[in-house]
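**Student:** Take a look at this one; I'll ask things after.
The values are calculated or read from the model by the stated rules, or taken from the named source; none is laboratory data. These numbers were taken from a predicted model, which means no experiment stands behind them. Cβ placement follows ideal geometry from the backbone for every residue including glycine, while neighbour counts extend to all protein chains displayed. Protein only, heavy atoms only, side chains kept; ligands, DNA and RNA dropped before computing areas. Shrake-Rupley method; radii C 1.70, N 1.55, O 1.52, S 1.80 Å.
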Amino acid sequence: MAGDPSIIQYPPGFLWGAALRAMARRRFKISIQCEDALKGQIKSGLEVNRVGLYEFTERKAEAQSNIEKLIATMINAQLAKDPKADTLDDWTVPHALYDEKLCPALWPIC
């Protein structure tokens, strides 16, 4: 149909881009280890939830909102540990997901 949104061909890339934009808005960078952990969690979440391209496209606003919520929680945790920080460390991923109990509600991340 002409009114259908175009299918997002690479959901991990869409989520990674949303994460980078969320970090940039708060003037944060990400360590290589944290980048690896976050990309791994995104990939794993998409696989575990068996997210297809059409489903992802239909729910992309929810996915974007959830990745932004995750990044905000990670940044807040990093700032609580070091108020002068401007780079996310790898410990912030499991902290946000499990210590802050964001999982399992963050579709499709977990």
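**Student:** So how many residues does the range 70-95 have that are closer than 19 Å to ARG25 by Cα and crowded, with 17+ Cβ neighbours inside 10 Å?
**Tutor:** Of the residues in the range 70-95, 11 are closer than 19 Å to ARG25 by Cα and crowded, with 17+ Cβ neighbours inside 10 Å.
**Student:** Within the range 46-64, track down each residue that is acidic (Asp, Glu), closer than 13 Å to ILE109 by Cα and open to solvent by less than 90 Å² (accessible area, probe 1.4 Å).
**Tutor:** Of everything in the range 46-64, just one residue is acidic (Asp, Glu), closer than 13 Å to ILE109 by Cα and open to solvent by less than 90 Å² (accessible area, probe 1.4 Å), namely GLU62.
**Student:** So, one more: Go through the range 89-106 and give me each residue that's outside any helix (DSSP H, G or I), in contact with a helix residue (DSSP H, G or I) (Cβ under 6 Å, 6 or more places away or on another chain) and within 17 Å of ASN66 (Cβ to Cβ).
**Tutor:** Residues satisfying the conditions are GLU100, LEU102, CYS103, LEU106.
**Student:** To continue, here is another question. Restricting to the range 56-88, name every residue that is aliphatic (A, V, I, L, M) and either under 21 Å from GLY17 (Cβ atoms) or in a loop (DSSP other than H, G, I, E, B) (or both).
**Tutor:** Across the range 56-88, the qualifying residues are ALA61, ALA63, ILE67, LEU70, ILE71, ALA72, MET74, ILE75, ALA85, LEU88.
**Student:** Go through LYS39, LYS43 for me and flag whichever is in contact with a Pro (Cβ under 6 Å, 6 or more places away or on another chain) and open to solvent by 40 Å² or more (accessible area, probe 1.4 Å).
**Tutor:** LYS43
**Student:** Output the qualifying pairs, or none if there are none: Cβ atoms under 6 angstrom, residues six or more apart or on different chains, first residue in the range 44-59 and touching a residue at least 40 places away in the same chain (Cβ under 8 Å), second residue open to solvent by less than 60 Å² (accessible area, probe 1.4 Å) and part of a helix (DSSP H, G or I).
**Tutor:** LEU46/PRO11; PHE56/PRO11
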